[in-house]
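What follows is a short report on a single structure.
No value in this document is a laboratory result; all are computed from the given coordinates. Fair warning: this is a prediction, and the values are worked out from it, not measured in the lab. Cβ placement follows ideal geometry from the backbone for every residue including glycine, while neighbour counts extend to all protein chains displayed.
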Amino acid sequence: MTDIQIAQAAKKENIVEIAKKLGLTEDDIEQYGKYKAKVNLDVLQKTKRPNGKLILVTAITPTPAGEGKSTVTIGLTQALNKIGKLSAAAIREPSLGPVFGMKGGAAGGGYAQVVPMEDINLHFTGDMHAIGVAHNLISACIDNHINSGNALRIDITKITWKRVVDMNDRALRNIVIGLGGKANGYPRQDSFQITVGSEIMAILCLSNSITELKEKIKNIVFATSLDGKLLKVGDLHIEGAVTALLKDAIKPNLVQTLENTPVFIHGGPFANIAHGCNSILATKMALKLTDYAVTEAGFAADLGAEKFIDIKCRLGGIKPDCAVIVATVRALEHHGKGDLKAGLENLDKHIDNIKNKYKLPLVVAINKFITDTDEQIEMIEKFCNERGAEVSLCEVWEKGGEGGIDLAEKVLRAIDNNKIEFNYFYDENLTIKEKIEKICKEIYGADGVVFAPATKKVFDVIEAEGLNKLPVCMSKTQKSISDNPALLGKPTGFKVTINDLRLAVGAGFVIAMAGDIIDMPGLPKKPSAEVIDIDENGVISGLF
Ligand code: ADP
């Protein structure tokens, strides 16, 4: 059966029943039909119980198909509930771009999925729309300000705020706006990015309250003035209006797994130019309302887990208690160019980072595919045992929660036995340059960092504006631990090149660009849009 067929066959419970499992009443939620709800933010203050433990699901360096982080996240929370531990997952919202492009949706797979799958992948509760409109309100006000006399002296060649749409549409990467004469605005070059790449998305995910959301929106830098001053959304006096558009989007969404256990799906920032994690608020809710919150971070442990720890956890004041590293035979063979044993080097580096750099107890989860042989599995298990890393064969894709009980038990044991005190990876008092160097050398294993000449000016601005305390958001290829996608396994003898730096002052981080990142993806030659369909009864097919 395909993922969507499994999802459509699920026996869903009314969302009120799912909320009850979290100790919530009908008054605590806003229902969006029978199977989706938004949870009111006041439950965080109202609920008087100690926070649960936080489990981060991360992965080895993936192949483009994805190695099953979402699947394992959902399967692990199903398994924890199965053995009597109240648990909820907190994961990201899918973007429409990849749904109609190549990667498909993002609601797990096989018997470890979140439902209603079609809704989650299509419009869900409208968060993406609200974020897009909030973003574009700023864009419209910028151009309106220029057209109305430009009192702020916005330099139209230095506007960094783009427009957004939630679609993969390469034709919108570079455009000209304001054509048609004076009444239609001022002609200038502009561009679109996909909605999930918006700084508003990152801000929504990093805000702990509506007040903080508004403050961060106020701080967004959208352009430089003709006098060289950074211009902020607060200068346009529209932070209140932009925040008002997000009044519902800021509330975490509640849905369920195939096994009727609770899942928060909220926020989905890019994992390169942003930090790639679901919202702080959803993770905090899962922590407040359950004993074990299971969450994931985009891409592999060098990129996603580092940003999860140094950006999300730091800004949210939360700490992880354990990490699960998802590994697959497919990706390990890819790293060894067909040789599984050689490919284990990649896993080795990620284990080393989590254990010795992030100082977290860990369990390696081998996400089992039906094509994997016993020999291959044993080779990975033996490697982990020799390395002193706990390992579990995870069969949640095939068997649901039942297939993740061993993993759940090992995670519980790792948490209970842990004696190491967690700390963020770098000290916030290091300068931006020092933070970048520390990440590249210690996490990626680089010999050094080369800063391109273009970064000099931005470093000067960082210094002048007092931004050195901000965390760094590394933006690099997910295909390698290095900044070169061709270097597989555990690369050594390389230097990382930082081409450019971007300020995301609203979100509260500085983006270090190691390589070119496209923030408006294109569709592939044969997009999924050609296979997605709906019948007379409204039944959708072709989503995966
Ligand atoms: P990630 O979160 O790492 O990107 P996902 O969990 O979204 O990965 O999985 C990517 C795709 O791979 C999904 O379509 C999922 O159904 C499929 N998949 C994941 N695990 C397995 C497995 N064990 N066997 C077969 N397919 C799998």
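Each semi-axis of the equivalent ellipsoid for region 362-466 is √(5λ) with λ an eigenvalue of the Cα gyration tensor; in descending order they amount to 41, 18, 14 Å.
Counting alpha carbon pairs within less than 8 Å and at least 6 residues apart, what relative contact order, in whole percent, applies to the chain? Don't skip to the answer; put the middle values down first.
On the way: 1213 pairs, mean separation 115.5, N = 544.
Contact order relative to length: 21 percent.
A simple spin-label model places the labels of residue 63 and residue 153 5.7 nm from each other, with each point 7 Å out along Cα-to-Cβ.
Output the pairs from 337/382; 53/355; 85/247 with a Cα-Cα distance over 28 Å in this structure; if there are none, say none. Write down the numbers at each step before the final one.
Details: 337/382 20 Å; 53/355 18 Å; 85/247 33 Å.
From the list (337/382; 53/355; 85/247), the Cα-Cα distance tops 28 Å for 85/247.
The aspartates and glutamates within cross-link reach of residue 20, meaning a Cα-to-Cα straight distance under 12 Å and a gap of 8 or more places when in the same chain, are 28.
Mind checking the full-extension length gain between residue 530 and residue 434? Use 0.36 nm per residue of separation minus the Cα-Cα distance, one decimal, nm. Working shown, then result.
Values: separation 96, 0.36 × 96 = 34.56 nm, distance 4.75 nm.
Taking residue 530 through residue 434 to full extension adds about 29.8 nm, to one decimal.
Provide the FRET efficiency to the nearest 0.05 for the residue 385-residue 140 pair, computing r from the beta carbons and using R0 = 60 Å. Could the numbers behind the result be given before it?
Numbers: r = 59 Å, r/R0 = 0.98.
The formula returns an efficiency of 0.55 here.
Expressed as a whole number of Å, what is the distance separating the alpha-carbon centroids of region 455-520 and region 223-248? Centre-to-centre (Cα) distance: 25 Å.
Note that region 30-41 has calculated 3J(HN,Hα) couplings of 10, 7, 10, x, 7, 10, 9, 8, 9, 9, 5, 5 Hz, one per residue in order, obtained from phi through the Karplus relation 6.51 cos²θ - 1.76 cosθ + 1.60 (θ = phi - 60°); glycine and proline are x. Shape descriptor for the chain: Rg over Rh equals 0.96 (Cα atoms; Rh from the Kirkwood inverse mean 1/r).
Taking every lysine pair in region 144-230 that is 8 or more places apart or spans two chains, those with Cα atoms closer than 23 Å amount to 12. Look at where the Cα atoms of region 365-391 and of region 155-205 average out, and the two centres are 47 Å apart. Considering helices alone, the calculated mean residue ellipticity of the chain at 222 nm is -8500 deg cm²/dmol, with DSSP H runs of length four and up weighted by -39500 (n - 2.57) and normalised per residue. Remark on residue 326: its backbone amide H falls under 5 Å from those of 58, 59, 60, 365, a criterion applied only to residues 5 or more positions apart or on other chains, H modelled at 1.01 Å from N.
Can you check what the net charge comes to around residue 216, using other residues whose Cβ is under 12 Å from the Cβ of residue 216 (Lys, Arg +1; Asp, Glu -1)? It would help to have the intermediate numbers written out before the result.
On the way: positive: 214, 218, 232; negative: 199, 212, 215, 239.
Local charge sum for residue 216: -1.
If the segment from residue 179 to residue 215 were pulled out straight at 0.36 nm per residue, it would be longer than the present Cα-Cα gap by 9.6 nm.
The count of lysine pairs in region 429-544 whose Cα atoms are under 17 Å apart, excluding pairs fewer than 8 places apart on the same chain, comes to 20.
Taking all Cα pairs closer than 8 Å and separated by 6 or more residues, the relative contact order of region 209-365 comes to 12 percent.
Can you tell me the length gained on complete extension of the stretch residue 447 to residue 422, counting 0.36 nm per residue apart and subtracting the Cα distance? Intermediate results must be reported in sequence, preceding the final value.
Details: separation 25, 0.36 × 25 = 9.00 nm, distance 2.64 nm.
Separation in residues times 0.36 nm, less the Cα-Cα distance, equals 6.4 nm.
Could you sort 87-93, 536-542 so that the peptide with the highest average Cβ count within 10 Å comes first and the rest follow in order? Spell out each step's value before the answer.
Numbers: 87-93: 28.7, 536-542: 10.4.
The peptides rank, most packed first, as 87-93, 536-542.
With a Förster radius of 22 Å applied to the C-beta separation of residue 1 and residue 369, the computed FRET efficiency comes to 0.90.
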